[in-house]
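**Q** Would you mind keeping the following structure in view while I ask a few things?
All of the numbers you see were taken from the coordinates with simple rules; none came from a lab. This structure is a prediction, so every number in the text was calculated from the model and none was measured. Don't worry about glycine lacking a Cβ; one is built from the backbone with ideal geometry, like all the others, and counts go over all protein chains shown.
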């Protein structure tokens, strides 16, 4: 389709520029031997990784769980939703990330989930959505990439934040980087680049969803790892993602530091991988399937 061809051109241009279980001594990994995307994801269901989360919020850190779920699915490029009839819709195969985190601040819990989608053949973010729920209310944000702009929709219980429906200039997206790491880490952009920060961050920090200047670096790390780092100059925010240099490029950890409001001391969030396994989780939805949660480091 015409706009997917434009996306391909855009990609080539972009490349140039709760209770916390006791963590094991090292990550528990149950994944198949594979050398490419086709043999790794398609026959085995979803890849589920649990991380020990230390979430910075309200000037403190709060223990919790983060889970990254990577899975392939057919995606309708016209409506930008999962296709029910891939052949009819001329669906595009995408890699989807559902990234969840849960933690409690004092008496009340937070739950956040970001979904991101990128074509397997061209790992540029097509769509990202983010929902955050806590006892004060909930917020939902969605970003769609079209050939000439990004479409932003946001719904919030805060008067100053929404409801909104607006267009943004095309830009790199932080939420898309997680998919690019898994699909084509050699294309990670470096240097001085403007990124739209993660949708979870814009919600937590109460900043507008907009591109912000950053410096991106990619470095080799110990133990066969690589480290991708973003330093946002205006936001005073640093994000670092560490991943395996070898396929399938498992994300081992990440960290994020930023001031929650002007003049406040920065808070830091960290997450460290403890478990990974391939599991068609949608087939395990009965009470008797509860023990599967223990195999990915989560309480039943």
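**Q** Pairs of alpha-carbon atoms within less than 8 angstrom and 6+ residues apart define the contacts here; what relative contact order does the range 176-230 have, in percent?
**A** Relative contact order of the range 176-230: 29 percent.
**Q** So, in Å, what gap is there between the alpha-carbon centers of the range 162-192 and the range 128-153?
**A** With the range 162-192 and the range 128-153 each reduced to a Cα centre, they are spaced 14 Å.
**Q** Right, another one. Please label the shape of the range 132-267 as rounded, prolate or oblate, based on the square roots a ≥ b ≥ c of the eigenvalues of the alpha-carbon gyration tensor (a/c under 1.5 means rounded; beyond that, a/b larger than b/c means prolate, else oblate).
**A** Because a/c hits 1.5 or more and a/b exceeds b/c, the range 132-267 counts as prolate.
**Q** Relative contact order of the range 196-286, please, whole-number percent, based on alpha carbon pairs below 8 angstrom and at least 6 residues apart.
**A** 16 percent
**Q** With labels modelled as points extended 7 Å from the Cα through the Cβ direction, what inter-label distance (nm, one decimal) is found for residue 272 paired with residue 63?
**A** In this crude spin-label approximation the distance works out to 1.3 nm.
**Q** Using 1/(1 + (r/R0)^6) with R0 = 25 angstrom and r between the beta carbons of residue 257 and residue 138, what's the FRET efficiency to the nearest 0.05?
**A** E(calc), rounded to 0.05, equals 0.45.
**Q** Let me ask something else. Run the numbers for residue 187 and residue 165: contour at 0.36 nm per residue of separation, minus the present Cα-Cα distance, in nm.
**A** Here the answer is 4.8 nm.
**Q** Now, a different point. Indicate, rounded to the nearest 5 percent, the antiparallel portion of the DSSP beta bridges found entirely in the chain.
**A** Counting only bridges with both partners in the chain, antiparallel ones make up about 95 percent.
**Q** What is the range 111-154's relative contact order, in percent, from Cα pairs under 8 angstrom and six or more apart in sequence?
**A** 28 percent
**Q** Right, next: Compute the length gained on full extension between residue 146 and residue 73: take 0.36 nm times their separation in residues and subtract their Cα-Cα distance, giving the result in nm to one decimal.
**A** 24.3 nm
**Q** Follow-up. Where does the chain land at 222 nm, in deg cm²/dmol rounded to the nearest 500, when only DSSP H runs of n ≥ 4 count, each adding -39500 (n - 2.57), divided by all residues?
**A** -4000 deg cm²/dmol
**Q** Now for a different question. Checking the a/c ratio against 1.5 first, then a/b against b/c, what shape does the Cα gyration tensor give for the range 136-178?
**A** Oblate, because a/c is 1.5 or more while a/b does not exceed b/c.
**Q** Is the shape of the chain rounded, prolate or oblate, going by the alpha carbon gyration tensor and its root eigenvalues a ≥ b ≥ c, with a/c under 1.5 for rounded and a/b larger than b/c for prolate?
**A** rounded
**Q** What is the calculated FRET efficiency for residue 153 to residue 282, with r their C-beta to C-beta distance and R₀ = 22 Å, to the nearest 0.05?
**A** Using R0 = 22 Å, I get an efficiency of 0.20.
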